[in-house]
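> Here it is, the structure in full.
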Amino acid sequence: MRIRATAMGIPLSFHLPEHRGLAASDPDAARAAVADGIGLLQDAEERFSRHVETSELSALRRGDLGPGDADPQLREVLALSAAAHRASGGAFDVVGPDGLPDTDGVVKGWAAQRAADLVVSRGVTDLCLNVGGDVAVRGGPEPGRPWAVAVRHPTKLDDTVAVVHLSDGGVATSGTAERGTHLWDGRTGRPAGELASLTVVAADLTTADVLATAAFALGEPGPAWAVRHGAAWVLAVRPDGGVVTATAPRGPAGAWEKPGPTGLGA
């Protein structure tokens, strides 16, 4: 069962194996769960997009809404951003080049992981959610076989630079191949350009997405930094095509101290 839609201006797809789990036993219930997951992602666009005039983020950018008065979910996204800013020494910044709040570096992975979790809470045990190339997975397409997530080469777009095999977690890539220069180093206010792309595998897509964005902004030190802050595996591609990888040691990964869902963090 493969269901496609668009949210946050990005194509997305849910893939549920039709021969196992809820997709096999009750396909209508599986489709309804996916529809609710898609609705959650589309709601995130309405609430967190700086391009939607009526969004909460737009109200915050205009000064019509203070951070302390924001909805708990917006406060959670801002807190995630603040935690990543501190952990990266300012390389990750929720403030865009215009000096106004911009949650683009957080909200896609955060919303996609929430959508995947919602679908799983409805009884789906195996799924692959792809939102614009960032992927959240659970279970696998066959018993005993994990999902295979291809990582596109940033300069040779018809080539694959790696394939990640994963049963539970998230894979996120930051780079300039799809959208050109849009990632900034918060320490300098200039475009981040030391790397062509950087991919993070982590326990969930929220973590993977934030770490990928921050590590890309950090440049060459990014892979090692991401592993110290919760990544299981990192792959960076330099502009000349050279590849750098970093792998977490066995045992619990480090953390970048994600705050709780209702606070802005320390």
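The values are calculated or read from the model by the stated rules, or taken from the named source; none is laboratory data. As the structure is a prediction and not an experimental result, all values here were calculated from the model. A quick note on method: Cβ atoms are made from the backbone with ideal geometry, for glycine too, and the neighbour counts reach across all protein chains shown.
> Within the group 205, 195, which residue is of a type outside the set (D, E, K, R), under 29 Å from residue 2 (Cβ atoms) and in contact with a strand residue (DSSP E or B) (Cβ under 7 Å, 6 or more places away or on another chain)?
Values: 195 fails: under 29 Å from residue 2 (Cβ atoms).
On inspection, the qualifying residue turns out to be 205.
> Quick check on segment 97-131: of everything there that is in a loop (DSSP other than H, G, I, E, B) and surrounded by fewer than 18 Cβ atoms within 10 Å (Cβ to Cβ), which residue is modelled with the lowest pLDDT?
Here the answer is 97.
> Are there any pairs with C-beta distances below 8 angstrom linking a residue in segment 86-106 that is more than 20 Å from residue 228 (Cβ to Cβ) to a residue that is among the aromatic types (Phe, Trp, Tyr), with the two at least 6 apart or on different chains, and if so which?
Matching pairs, first to second residue: 96/184; 97/184; 103/48.
> If you take the residues in segment 179-223 that are hydroxyl-bearing (Ser, Thr, Tyr) and crowded, with 20+ Cβ neighbours inside 10 Å, which one is farthest from residue 83 (Cα to Cα)?
Within segment 179-223, the match that is farthest from residue 83 (Cα to Cα) is 197.
> A further question follows. Could you list all residues from segment 35-57 that are in contact with a helix residue (DSSP H, G or I) (Cβ under 6 Å, 6 or more places away or on another chain), touching a residue at least 60 places away in the same chain (Cβ under 8 Å) and crowded, with 19+ Cβ neighbours inside 10 Å?
Residues satisfying the conditions are 37, 41, 44, 48.
> I'm trying to understand the selection: among the residues of segment 58-72, which are exposed (fewer than 13 other Cβ atoms within 10 Å of the Cβ) and part of a helix (DSSP H, G or I)?
62, 68, 69, 72
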